[in-house]
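Here is the structure we will look at, set down as structure tokens.
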Protein chains: 2
Amino acid sequence: MVEHGVRQTRITLVMDTIRQRIASRALGPGAKLPSVRSLASSMKLSPATVVEAYDRLAAEGVIFSRPGSGFYVANQALPFTVAEVGPRTDRAVDPFWVSRQSLEAGEDDLKPGCGWLPQSWLPNDSLRRALRKLARAREGTLGDYGSPLGLPPLRQLLSRRMAEKGIEASPDQIMLTESGTQSIDLLCRFLLEPGDTVMVDDPCYFNFHALLRAHRAKIVGVPYTPAGPDVEAFAHILREHWPRLYITNSGIHNPTGAVLSPVIAHKVLKLADQFDLTIVEDDIFADFEHMSAPRLAAFDGFDRVIHIGSFSKTLSASARCGFIIAKPDWIEGLTDLKIATSFGGGRLAAELVFNVMSDGGYRKHLEATRVRLSKAMREVSSKLKNLGVTPWLEPQAGMFLWCQLPEDMDAADIARSALKRKVILAPGNVFSLSQSATGFMRFNVSQMLDARVWDVLEETLKERFAPSVSRPHATAG
Amino acid sequence: MVEHGVRQTRITLVMDTIRQRIASRALGPGAKLPSVRSLASSMKLSPATVVEAYDRLAAEGVIFSRPGSGFYVANQALPFTVAEVGPRTDRAVDPFWVSRQSLEAGEDDLKPGCGWLPQSWLPNDSLRRALRKLARAREGTLGDYGSPLGLPPLRQLLSRRMAEKGIEASPDQIMLTESGTQSIDLLCRFLLEPGDTVMVDDPCYFNFHALLRAHRAKIVGVPYTPAGPDVEAFAHILREHWPRLYITNSGIHNPTGAVLSPVIAHKVLKLADQFDLTIVEDDIFADFEHMSAPRLAAFDGFDRVIHIGSFSKTLSASARCGFIIAKPDWIEGLTDLKIATSFGGGRLAAELVFNVMSDGGYRKHLEATRVRLSKAMREVSSKLKNLGVTPWLEPQAGMFLWCQLPEDMDAADIARSALKRKVILAPGNVFSLSQSATGFMRFNVSQMLDARVWDVLEETLKERFAPSVSRPHATAG
């Protein structure tokens with residue numbers, strides 16, 4: 001009886017393990033299950049136990065077998081998915097929708113949904129000067145691997161710029177990476193075990209969802225208010241889910257354009273201390289600020305905050321360069337991980353960024369960009385209001401305007417319709433883990449100066465407005 | 001009794017799980033264990049069970065607790081390490097030893113242990129021309145993200161070059177990446193579940209070990225012969241371990257300089273079919289070949305072979321650019337994964353590489369480099385033999401010479417001693433999972449033209465030779 005009971009428990013354990021991997025999206029529909037042999041060995045169970053568990057899951061329709069090939073997750077396994085893990089796979093609200101459409105866009109496509117400035121807004125003259133300077137550089141610059149931490153003068157320059165924001169970081173606490181995204185990716189590898197829980201803002205930058213899913217993390221969303229995360233909900237999530245990590249933007253929040261208030265920053269850090277939470281502060285929009293908002297890294301001094309940034313938004317997304325600032329012993333481990341996964345960094349990109357940043361024209365370029373963005377923000381906001389599209393708040397800076405569409409409209413429908421007219425929009429739910437932003441849209445004000453954007457927007461709003469007002473209301477009423 | 005038996009089984013299961021993570025290096029010495037709460041939740045067990053398991057492991061000295069912080073892997077937990085998983089952590093034979101020393105090397109350091117050409121051997125004039133051309137490029141090139149698959153003309157050029165090697169790959173089967181290392185990293189993410197087994201050659205490129213450890217893979221080494229992997233051992237490993245992946249170099253093998261024979265290529269592919277094995281063919285040294293060796297991708301046509309490459313060795317390691325060639329549906333999944341983990345690729349680097357490769361001087365540069373390498377290979381080989389250092393084989397091409405040191409010498413000792421004299425060597429065991437290459441050393445012939453390398457080599461060989469012959473033999477005899 002004991003033997004039998006133990007065997008049953010073991011079979012159930014295997015079944016639960018597989019169910020959980022499916023629920024957490026570690027195994028998606030169609031994915032191949034671990035072989036009987038490997039799962040048996042990793043769980044220290046007999047192959048017979050695993051075979052029995054797989055057979056039962058197959059009988060339940062959760063998985064199916066392909067003779068001679070193994071077991072696969074059935075498409076109908078999805079009902080096991082918990083609502084809180086990963087956005088729905090509907091392509092219009094998939095986290096890859098906006099990124100792939102924007103990155104694959106043709107010359108004629110307009111991109112008010114994308115997350116970067118038009119090419120003509122970038123410091124093209126400084127970039128050209130920097131490239132010509134690189135063409136005269138010594139051989140090592142042209143052909144050699146970067147050092148593990150990355151170009152020393154660029155790290156020194158970053159250290160000084162951080163000090164201007166009240167963030168104290170020595171150059172050897174700064175590691176250069178290929179991008180802001182790669183920074184977060186390295187940190188997830190360094191800090192997470194598969195199955196760990198990570199908290200993000202709801203709404204947040206859609207690629208956080210995609211990245212965390214690649215890390216097999218469980219994702220929990222904290223509602224975002226105009227002054228930062230909802231502190232009550234934040235505390236509740238810490239108690240309920242014990243997340244390992246919280247990833248956020250404290251400067252200009254993506255997609256809302258909100259700014260973290262000092263009061264909330266302080267409360268968040270106190271809670272982080274209490275629950276042993278590490279915070280990744282993604283600050284890639286910092287250079288657009290008129291006035292420096294409070295930074296968690298400035299309050300915390302890199303005890304439990306990690307600060308990341310990049311140059312993709314203000315300088316060039318073509319030369320890939322980002323950075324991580326963290327406590328020295330973490331930087332040591334991150335360096336090994338960076339070598340293991342990408343060997344030396346991009347020395348040429350770092351040299352280019354350094355050349356542009358030390359070019360006298362760069363600060364002027366930044367100032368001009370801020371003014372230009374403010375002007376665009378005012379104009380776009382007012383034009384949107386005329387269309388019945390209401391900003392959630394009027395951002396102090398940056399390129400994003402997070403807006404509510406006229407009642408009953410589904411932003412994904414609008415986005416699909418606009419895409420047919422070669423306009424790429426960013427529908428709300430790609431940013432929302434809870435899928436509660438159906439009626440929201442993120443607009444990039446710098447990409448809305450072409451009249452065709454407004455024509456298409458007006459057309460699609462009209463088109464979608466008509467049926468959705470008449471039909472559901474008629475049926476409901 | 002049943003309840004009690006089940007509880008015991010569960011506690012043992014947790015203990016074994018942790019022991020196995022330590023053995024597989026998923027948890028290294030000093031690493032923090034998953035929190036009680038998260039492990040309990042992911043294993044679907046009660047926190048009390050996990051607490052009991054942790055307490056017992058702590059009593060055994062495998063882990064220790066830091067009050068208020070959690071449990072950590074003890075340094076003395078290492079006896080649990082299975083010999084076949086991961087090289088020993090002794091810094092001299094650590095997979096990071098060579099990479100960090102080489103990447104952190106100062107101007108005066110000599111690097112016969114590194115894996116790249118001296119700067120003066122690279123096509124610096126072509127690189128300068130390409131940078132000047134970039135300085136005149138359109139704005140999109142300077143500042144925009146790359147498209148998800150990467151620069152179309154470069155992928156077309158690669159497709160044509162592959163055809164010259166008998167490898168048929170359409171441009172849309174080619175995805176650009178940041179480097180060869182990032183290519184393998186993306187593939188591991190795409191194909192592996194934590195705990196999957198991966199086969200590598202023994203010896204192999206040391207960073208494969210580091211990378212696979214970062215992926216929590218179990219690593220198994222197959223002995224490498226002058227004509228490819230030992231087929232008997234290969235078949236045995238497939239039967240015993242069912243590896244998911246085999247990572248190898250078929251052109252010029254690192255570190256041995258060996259070339260895969262057609263007979264072994266065929267046998268390896270037949271076995272791969274039989275055991276559902278995927279093969280990653282890392283071909284970053286392809287451009288050094290005089291005559292094209294057989295490629296697994298050419299035989300297999302991307303059914304179960306994935307081909308990767310980069311431009312770091314022949315063009316520039318400073319501009320990061322590599323590629324993956326695989327079947328179309330894998331490329332689709334890899335593209336999403338690339339966006340999630342690094343967003344757009346480095347467009348500027350791809351443009352630079354394309355400019356250099358379409359520069360008339362590049363083919364001539366490659367031809368000259370091959371001749372130069374052959375000459376250096378002959379000279380270095382003969383000089384090493386004079387020192388009693390014997391090449392394992394005389395490579396047909398490339399920069400690597402894999403050599404046996406005079407009897408009884410420990411390459412790690414020699415490397416440590418040479419490092420004090422600012423010469424970075426690559427001791428055999430960093431390449432060997434079984435740690436069976438104690439008496440071997442990999443030399444990069446292109447980095448051995450400075451007389452100081454030979455002075456230091458001669459000195460250290462003499463220095464280490466004396467005690468190691470006299471002491472152990474005296475005690476033993």
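The values are calculated or read from the model by the stated rules, or taken from the named source; none is laboratory data. In this text the structure is predicted, and so the values were computed from the model without any measurement. Cβ sites come from the backbone with ideal geometry, for glycine too, and all protein chains shown count toward neighbours.
For this structure, a couple of remarks:
- For beta carbons closer than 8 Å, sequence separation of 6+ or different chains, a first residue in the range B:392-403 that is touching a residue at least 24 places away in the same chain (Cβ under 8 Å) and a second that is β-branched (V, I, T) and surrounded by fewer than 19 Cβ atoms within 10 Å (Cβ to Cβ), the qualifying pairs are B:C403/B:T390.
- Only listed residue being more than 30 Å from B:L433 (Cα to Cα), crowded, with 22+ Cβ neighbours inside 10 Å, assigned by TED's automatic domain parsing to the domain that holds B:R216 and modelled with pLDDT of 85 or more, chosen from B:R138, B:R128, B:R132, B:R155: B:R155
- If only residues of the range B:265-289 that are under 21 Å from the mean Cα position of the chain (by Cα) and part of a loop (DSSP other than H, G, I, E, B) are counted, the one that is surrounded by the most Cβ atoms within 10 Å (Cβ to Cβ) is B:D283.
- Out of A:L13, A:L57, sole residue that is within 12 Å of chain B (Cβ to nearest Cβ) and modelled with pLDDT of 80 or more: A:L13
- Test: B:P194 is part of a strand (DSSP E or B) and surrounded by fewer than 22 Cβ atoms within 10 Å (Cβ to Cβ): no
- Selection count where residues are small (G, A, S) and more than 13 Å from A:S342 (Cα to Cα), scope the range B:203-218: 1
Yes/no matrix, rows are residues, columns are (1) of a type in the set (S, T, N, Q); (2) surrounded by fewer than 24 Cβ atoms within 10 Å (Cβ to Cβ); (3) within 21 Å of A:I324 (Cβ to Cβ):
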{"position": "A:V222", "(1), (2), (3)": "no, no, no"}
{"position": "A:S250", "(1), (2), (3)": "yes, no, yes"}
{"position": "A:G257", "(1), (2), (3)": "no, no, no"}
{"position": "A:L296", "(1), (2), (3)": "no, no, yes"}
{"position": "A:D300", "(1), (2), (3)": "no, yes, yes"}
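- Residue count for the range B:145-184 satisfying the condition of being under 25 Å from the mean Cα position of the chain (by Cα) and acidic (D, E): 1.
- Selection count where residues are within 21 Å of the chain's Cα centre (by Cα) and basic (K, R), scope the range B:218-251: 2
- Inspection of the range A:216-229 identifies at least one residue that is within 11 Å of chain B (Cβ to nearest Cβ) and touching a Pro at 6+ places or on another chain (Cβ under 7 Å).
- Single residue of B:V6, B:V51 found to be surrounded by fewer than 19 Cβ atoms within 10 Å (Cβ to Cβ), at negative phi, part of a helix (DSSP H, G or I) and at pLDDT below 85: B:V6
- The range A:210-255, residues that are in contact with a Phe, Trp or Tyr (Cβ under 8 Å, 6 or more places away or on another chain), within 17 Å of A:D276 (Cα to Cα) and of a type in the set (V, I, T): A:I247
- Evaluating B:P294 against the criteria (1) in a loop (DSSP other than H, G, I, E, B); (2) within 30 Å of B:A130 (Cβ to Cβ) leaves one unmet condition, (2).
- Every condition in (1) polar (S, T, N, Q); (2) within 23 Å of B:I237 (Cα to Cα); (3) under 23 Å from the mean Cα position of the chain (by Cα); (4) surrounded by fewer than 20 Cβ atoms within 10 Å (Cβ to Cβ) holds for B:S292 except the one numbered (2).
- For the residues A:G309, A:G301, A:G345, the requirement of being on the phi > 0 side of the Ramachandran plot and not acidic (D, E) singles out A:G301.
- When restricted to residues that are over 20 Å from the mean Cα position of the chain (by Cα) and of a type outside the set (K, R), the range A:316-333 contains 6.
- The set of residues in the range A:16-48 being within 12 Å of another protein chain (Cβ to nearest Cβ) and at positive phi consists of A:G30, A:K44.
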